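First the structure, in the form of structure tokens, and then the observations on it.
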Amino acid sequence: MKTLYLVRHAKASWEENVSDWERPLTQSGVERAHKVAKALKAKKIKPDKMISSYAFRALNTAVIFALDLRYPATSIEVSQSIYERRAIDILDMLRKQDDKADVLMLFGHDPAITELYNMLTRKLLLKLSTSSTAGIQFNIKHWKDLGNSVGKTLFIEPGK
């Protein structure tokens, strides 16, 4: 059994004069990220591995979740296979994960995160809001088999 938590990064600012991948979180984004992370902690969620886009807003969201879930922030894997990638590209990266990790938490961006959720659950979700987390469970033993069968939605924790 494998479990994947898809997290869309928290609300980021458009007012900064920085490149897209450098955009910081807004104060409300930080607060929402803490709120969702604490809701996950109450559900006793403990990821074996966190993987984040290298974009500042996603990585900052991952650090907030790590702190609230008592996951070592220095152990967050930063990936270039998430930012500005399609869902199928992210799926390929997830299929290469070590099977020692049964619970993965991925921090990324829309539209790819929502598309990945739809692909893995065979459902149609229009959009995961910022900070939202979708928990999906798979009846598989190996990450390489991810997507070959329909994942079961455990919950969607709304970010808004």
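The values are calculated or read from the model by the stated rules, or taken from the named source; none is laboratory data. Note that the structure is predicted; figures quoted are calculated from it, not measured. Counting neighbours? That spans all protein chains shown, and the Cβs are built from the backbone with ideal geometry, glycine included. What goes into the accessible areas is simple: the full protein's heavy atoms, side chains included, and nothing from ligands, DNA or RNA. Shrake-Rupley method; radii C 1.70, N 1.55, O 1.52, S 1.80 Å.
Hey, could you check the range 48-58 for residues that are crowded, with 21+ Cβ neighbours inside 10 Å and of a type outside the set (D, E, K, R) and say which is farthest from residue 76 (Cα to Cα)?
Checked the range 48-58; the qualifying residue farthest from residue 76 (Cα to Cα) is 55.
Out of everything in the range 133-155 that is among the small types (Gly, Ala, Ser) and at pLDDT below 95, what residue ends up being surrounded by the fewest Cβ atoms within 10 Å (Cβ to Cβ)?
Of everything passing the filter in the range 133-155, 149 is surrounded by the fewest Cβ atoms within 10 Å (Cβ to Cβ).
Residues in the range 68-80 that are part of a helix (DSSP H, G or I) and without any contact (Cβ under 8 Å) to a residue 12 or more places away in the chain: how many?
Residues in the range 68-80 being part of a helix (DSSP H, G or I) and without any contact (Cβ under 8 Å) to a residue 12 or more places away in the chain: 2 in total.
Can you confirm whether residue 10 is among the hydrophobic types (A, V, I, L, M, F, W, C) and either assigned to a helix (DSSP H, G or I) or over 16 Å from residue 130 (Cβ atoms) (or both)?
So residue 10 does not fit the description; no.
Search the range 28-47 for residues being farther than 15 Å from residue 63 by Cα and assigned to a helix (DSSP H, G or I), and hand back the single one that is least open to solvent (accessible area, probe 1.4 Å).
If we take residues in the range 28-47 being farther than 15 Å from residue 63 by Cα and assigned to a helix (DSSP H, G or I), then 39 is least open to solvent (accessible area, probe 1.4 Å).
For the range 128-140, check the following and say yes or no: at least one residue is without any contact (Cβ under 8 Å) to a residue 60 or more places away in the chain, among the β-branched types (Val, Ile, Thr) and touching a helix residue (DSSP H, G or I) at 6+ places or on another chain (Cβ under 7 Å).
no
Being open to solvent by 20 Å² or more (accessible area, probe 1.4 Å) and within 30 Å of residue 142 (Cβ to Cβ) is the filter here; which residues of the range 6-27 pass it?
The one that is open to solvent by 20 Å² or more (accessible area, probe 1.4 Å) and within 30 Å of residue 142 (Cβ to Cβ): 8.
Among the numbered criteria (1) at pLDDT 95 or above; (2) under 23 Å from residue 24 (Cβ atoms); (3) crowded, with 17+ Cβ neighbours inside 10 Å; (4) over 12 Å from the mean Cα position of the chain (by Cα), which one does residue 67 miss?
Evaluating residue 67 over (1) at pLDDT 95 or above; (2) under 23 Å from residue 24 (Cβ atoms); (3) crowded, with 17+ Cβ neighbours inside 10 Å; (4) over 12 Å from the mean Cα position of the chain (by Cα) leaves (3) as the failure.
Among the numbered conditions (1) assigned to a helix (DSSP H, G or I); (2) open to solvent by less than 10 Å² (accessible area, probe 1.4 Å), tell me where residue 119 comes up short.
In the conditions (1) assigned to a helix (DSSP H, G or I); (2) open to solvent by less than 10 Å² (accessible area, probe 1.4 Å), residue 119 misses (2) alone.
Output the qualifying pairs, or none if there are none: Cβ atoms under 7 angstrom, residues six or more apart or on different chains, first residue in the range 1-29 and within 15 Å of residue 159 (Cβ to Cβ) and free of Cβ contacts under 8 Å to residues at least 24 places away in the same chain, second residue of a type in the set (A, V, I, L, M) and part of a loop (DSSP other than H, G, I, E, B).
Cβ pairs passing all conditions: none.
Taking the range 141-157, which residues are without any contact (Cβ under 8 Å) to a residue 40 or more places away in the chain and either in a loop (DSSP other than H, G, I, E, B) or closer than 22 Å to residue 65 by Cα (or both)?
Matches in the range 141-157: 148, 149, 150, 153, 156.
Has the range 81-100 got any residue that is part of a loop (DSSP other than H, G, I, E, B), of a type in the set (Val, Ile, Thr) and open to solvent by less than 10 Å² (accessible area, probe 1.4 Å)?
yes
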